[in-house]
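Just below is one structure, and these are the notes that go with it.
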Amino acid sequence: VDISHLPATTPPSGVKANFDHPDSIAYQVIALSLPFTCTATVVVLLRMYTRILIVRSPGLDDLGTTCQSLASNIPLILIVDIPYGYGIHLWDLYIPKIKHFLIIDLLGQDFYFVGTCFVKVSILLFYLRLNPDKTFRRVAFAIMTFDVVYSFVSIVVATFGCTPIAGGWDLLIKSSCVNKKAYYYVAAVCNIVTDFATLGLPVRMCLRLNVSRRQRWLLLGLFGVGSFACIISIVRLVTMLPSLHSIDFTRYKVQVAGWAEVEINTGIICACLPTLKPLLNTVFPTHFA
């Protein structure tokens, strides 16, 4: 059977399939995430400048954030530059394109799990630079371990959750798969919990700092940005729901991909902002000293 022109699904009643010039909203990924991606890239460059040339003390947390900043652009390139279905209605696609779409989407999911893990581990490593308290360090390592474990399990479930494995991206293969939808809910909740745990861990330490009112406002600003990152995690979970429960998942995945990029890049910005104080002290000595 020639599957090269086999429709992925039948269109809804009253809708005619358009395989030659399908309507696409893939551009929305760029429109939503590009400002955050550009900002995160600039902030990472400033971080590296600060750590290498001003402080002269780069660490593993810097390496992790930099690697993640580079890796966060890969899913964006895959989604936008390879026309295999992102933003197109499922009934406007042939079966072979769905296979490529699912492979690219799987890569994007894996990069997302790695990305969010790298960002939080980088933030926690930065915390460990600041606080020698044993209890604080134990909690930081506990959050870090939990985040690494659930991220690893998420990648395994997403990639190898079907038997045979190719059944995860080839609709023509008869396969048996774990309930990925249920696990994505679990992974999203774990992500949100670790976001808030990472954000809340240094609150007590910061409240005890003997600093000026101006510096306290700066700390509040940092926590405000961190809170925004936590809210983005919740927004991503909400936008993910339609793609999990609709047959037209190729269309809905655009919003999921866009908010995932926003979430990761916001996390990168959060991880970098506290490290920029020496740079701000140099440029604005009367305001940030």
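Quick notes on this one:
Yes/no matrix, rows are residues, columns are (1) modelled with pLDDT under 80; (2) part of a helix (DSSP H, G or I); (3) over 16 Å from residue 192 (Cα atoms); (4) out of contact with any helix residue (DSSP H, G or I) (no Cβ under 8 Å at 6 or more places or on another chain):
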position: 218; (1), (2), (3), (4): yes, yes, yes, no
position: 222; (1), (2), (3), (4): yes, yes, yes, no
position: 234; (1), (2), (3), (4): no, yes, no, no
position: 237; (1), (2), (3), (4): no, yes, no, no
position: 252; (1), (2), (3), (4): no, yes, yes, no
position: 262; (1), (2), (3), (4): no, yes, no, no
position: 265; (1), (2), (3), (4): no, yes, no, no
position: 269; (1), (2), (3), (4): no, yes, yes, no
position: 276; (1), (2), (3), (4): no, yes, yes, no
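- Candidates 212, 154: the one that is among the hydroxyl-bearing types (Ser, Thr, Tyr) and at pLDDT below 85 is 212.
- Restricting attention to the range 12-37, the residues being surrounded by fewer than 15 Cβ atoms within 10 Å (Cβ to Cβ), in contact (Cβ under 8 Å) with a residue 60 or more places away in the chain and within 10 Å of residue 92 (Cβ to Cβ) number 4.
- Members of the range 165-186 that are in a helix (DSSP H, G or I) and among the basic types (Lys, Arg): 180, 181
Residue-wise test of (1) modelled with pLDDT under 85; (2) surrounded by fewer than 23 Cβ atoms within 10 Å (Cβ to Cβ); (3) not in a helix (DSSP H, G or I).
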{"residue": "83", "(1), (2), (3)": "yes, yes, yes"}
{"residue": "86", "(1), (2), (3)": "yes, no, yes"}
{"residue": "103", "(1), (2), (3)": "no, yes, no"}
{"residue": "109", "(1), (2), (3)": "no, yes, no"}
{"residue": "115", "(1), (2), (3)": "yes, no, no"}
{"residue": "122", "(1), (2), (3)": "yes, no, no"}
{"residue": "129", "(1), (2), (3)": "yes, yes, no"}
{"residue": "132", "(1), (2), (3)": "yes, yes, yes"}
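- Filter result for residue 94 (modelled with pLDDT under 90, more than 30 Å from residue 23 (Cα to Cα) and in contact with a Pro (Cβ under 7 Å, 6 or more places away or on another chain)): no
- Positions within the range 239-250 being part of a helix (DSSP H, G or I) and not small (Gly, Ala, Ser), in sequence order: 239, 240, 241, 242, 244, 245, 249, 250
The values are calculated or read from the model by the stated rules, or taken from the named source; none is laboratory data. Since we're looking at a predicted model, the values are computed, not measured. Positions of Cβ are generated from backbone atoms using ideal geometry, with glycine treated the same way; all protein chains shown enter the neighbour counts.
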